[in-house]
Structure formats: C-alpha cells, structure tokens
1. Counting each DSSP H run of 4 or more residues in the chain as -39500 (n - 2.57), what helix-only mean residue ellipticity at 222 nm follows after dividing by all residues, to the nearest 500 deg cm²/dmol?
2. Given a Förster distance of 25 Å, report the FRET efficiency between ASN21 and LEU105 from their Cβ-Cβ distance, rounded to the nearest 0.05.
3. Using the basic label-point model (7 angstrom from Cα toward the beta carbon), what is the ARG139 to ASP71 distance in nanometres?
4. List, in order, the whole-Hz ³J(HN,Hα) value for each residue of the stretch 50-58 obtained from phi through the Karplus relation with A = 6.51, B = -1.76, C = 1.60 and θ = phi - 60°; use x for Gly and Pro.
5. How long is the gain from ALA95 to ALA115 if the chain were fully straight, where each residue apart is worth 0.36 nm and the alpha carbon distance is subtracted?
6. Could you list which residues have their amide H under 5 Å from that of VAL219, counting only those 5 or more apart in sequence or on another chain, with H placed in the peptide plane?
7. How much of the DSSP bridge set in the chain is antiparallel, in percent, rounded to the nearest 5?
8. FRET efficiency for ILE265 and ASP225, Cβ-Cβ distance as r, R0 = 22 Å, nearest 0.05?
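Bear in mind these aren't lab numbers, they're just calculated from the coordinates by the rules spelled out. None of these values were measured; they are calculated from a predicted model. No Cβ is skipped: glycine too gets one built from the backbone with ideal geometry, and neighbour counts run over all protein chains shown.
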Amino acid sequence: MNRLSFDGPVWLASDIHLGANNPKTAQSFFGFLDRAGAQAGALLLLGDIFDVWIGDDWLTKPPTWLSECVDRLRHTSQRCPLWIGRGNRDFLMGASLAHALGSELLDDQFILSVAGHQYFTSHGDEFCTNDRAYQRFRRAVRNRWLQKAFLSLSLSTRAGIANKARQQSMKSQQQDADRDADRRLDVCEHTMAKALQAQDLQTIIHGHTHRPGNYHHHVDNQTFDRWVLPDWESDHLGTDQAERGGWLVIDQNGIASFDRLGQKIK
C-alpha cells in the first residue's frame with residue numbers, strides 16, 4: 001500500500017457533496033478551508049468532495065458553483081498541501097482536476113503516518129460488503145472501458161445520466177425499509193478486520209457511512225479502532241435536524257475530532 005508521512009498536524013474531512021443544490025453546505029465548507037489553510041500542516045479530503053463528478057473536462061465549461069469551489073480549493077492548496085481522494089460519488093476525479101487544484105490524488109487505500117503513528121485510510125465504501133448490489137455496481141463503474149465509454153459522451157448527456165442515477169439512488173434508499181438495511185449499508189467489521197490485519201495496523205479512518213464517531217471493535221480475537229468522518233449538510237434538513245459537518249486532526253498526540261464550528265468533540 002502507498003504510504004504518506006507527515007509531521008502534522010494533518011486535517012481530514014470527507015463527504016462534503018458540493019453541488020449546485022448545496023450552496024449553504026459549500027459556504028460552511030469554505031469556512032473550514034479557511035481554517036485549514038491557516039492551521040493545517042496538510043489537508044486530506046477522503047472522497048465525495050463533490051456530489052457527482054462527470055469528468056475532468058467539466059472544468060472547460062464549469063457552472064458558477066463549480067468555479068467557486070475550484071477557486072477556493074486552489075487557494076487552500078497555496079497555503080497548505082492538499083490531497084484529494086475519490087469517493088463513491090466522485091470516483092471519476094483525475095489528474096487534470098488535481099493539477100487544476102494544485103493538489104495530489106490519493107490512492108483508494110493508503111497508510112497515513114503522522115508523527116510515527118500509522119493509520120489505515122480510505123473513503124470506506126469498499127468495506128460495505130454486506131451490500132452486494134452496491135459492490136457489483138462499484139466494480140462495474142470502475143471498469144476502465146466503461147469509464148472510457150461514459151467520458152466519450154457529451155457533458156450534458158453525462159450530467160443527465162448522473163442526475164438520473166442519483167435520483168434513483170435516493171428513491172431506493174427511501175424505500176429500503178427491511179430490517180437488515182442498517183446492517184447492509186454500514187461497513188462490515190470482518191472485512192475491515194482482515195484489511196487491517198494484512199497491514200498489521202490497529203486503527204482505520206474513513207468516511208462514506210455518514211455515521212461519525214470513534215468505534216471500538218473486537219473481531220475474531222482482533223481489536224481495532226475505527227474513526228468515521230462526518231458528512232457535511234446545511235441545505236436539506238428536517239425541522240428537527242441541525243447542520244452537520246466536521247473533521248479530524250492528527251498530530252503527535254493522536255486523533256482529535258472537531259465539529260463544523262471548530263469545537264473539539266470529547
């Protein structure tokens with residue numbers, strides 16, 4: 001596995017879902033970028049930065065919201081090293097986008113080393129192995145020939161396909177009411193334990209599930225810690241829902257969690 005080493009502090013965030021329909025979320029995230037640019041030794045974004053990514057050539061005719069996002073991310077990369085990872089929504093992000101942002105692309109899985117401590121790091125969707133339908137879909141859309149065919153279509157056609165797929169996904173989630181849905185949509189502890197054991201690591205960091213927190217697992221005589229990054233949401237909330245967002249900071253003292261306002265979570 002690829003290894004990234006930093007002295008710290010390293011800031012990590014995930015699942016921002018930037019898009020035309022999420023302007024308040026974008027503003028909240030831009031505030032975070034200002035903080036990271038001023039305080040982080042490096043910033044790592046672990047996927048689903050965008051709600052959808054239809055190809056790096058989108059940058060040739062970017063909508064207004066995307067131009068602003070690119071400008072803010074590029075400005076951040078001029079203040080601290082920026083690394084971007086692919087998620088299940090923006091897996092088509094490539095080298096051209098990374099270059100435009102002044103950033104580097106992360107591998108799907110990598111070992112993060114900060115001040116001598118090592119962490120298995122990924123977006124996390126590959127560990128939702130109980131959701132077999134999703135894993136089949138994941139393998140299909142990462143087929144390079146299928147991606148090549150998709151990217152040969154016009155930008156407007158790709159945008160239409162992506163929007164339709166997103167609507168179908170949301171509808172499916174709303175209708176999914178069987179008792180095993182919660183188990184299927186979360187990560188599989190056994191799959192994760194095997195991955196950690198193969199690298200002789202005891203801590204994993206990921207996003208994707210929108211279930212933030214620090215979890216402790218004991219699987220087949222193996223103990224490991226799991227840190228889950230929060231998603232960001234300020235636009236599509238119920239009357240009893242608070243805005244979401246936050247990040248992790250890793251330094252010589254280990255991992256600390258912060259909410260969207262920069263308050264440390266105990």
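1. Numbers: 8 runs with 93 residues, N = 266.
Result for the chain, helices only: -11000 deg cm²/dmol.
2. Details: r = 26 Å, r/R0 = 1.04.
That gives a FRET efficiency of 0.45.
3. Here the answer is 4.5 nm between the modelled labels.
4. For the stretch 50-58, the Karplus curve yields 10, 5, 7, 9, 9, x, 5, 6, 4 Hz.
5. Numbers: separation 20, 0.36 × 20 = 7.20 nm, distance 2.84 nm.
Extra length from ALA95 to ALA115 when fully extended: 4.4 nm.
6. Here the answer is PHE224, since their amide H atoms fall under 5 Å of that of VAL219.
7. On the way: 25 of 46 bridges.
Roughly 55 percent of the DSSP beta bridges within the chain come out antiparallel.
8. Values: r = 15 Å, r/R0 = 0.70.
Once rounded, the FRET efficiency stands at 0.90.
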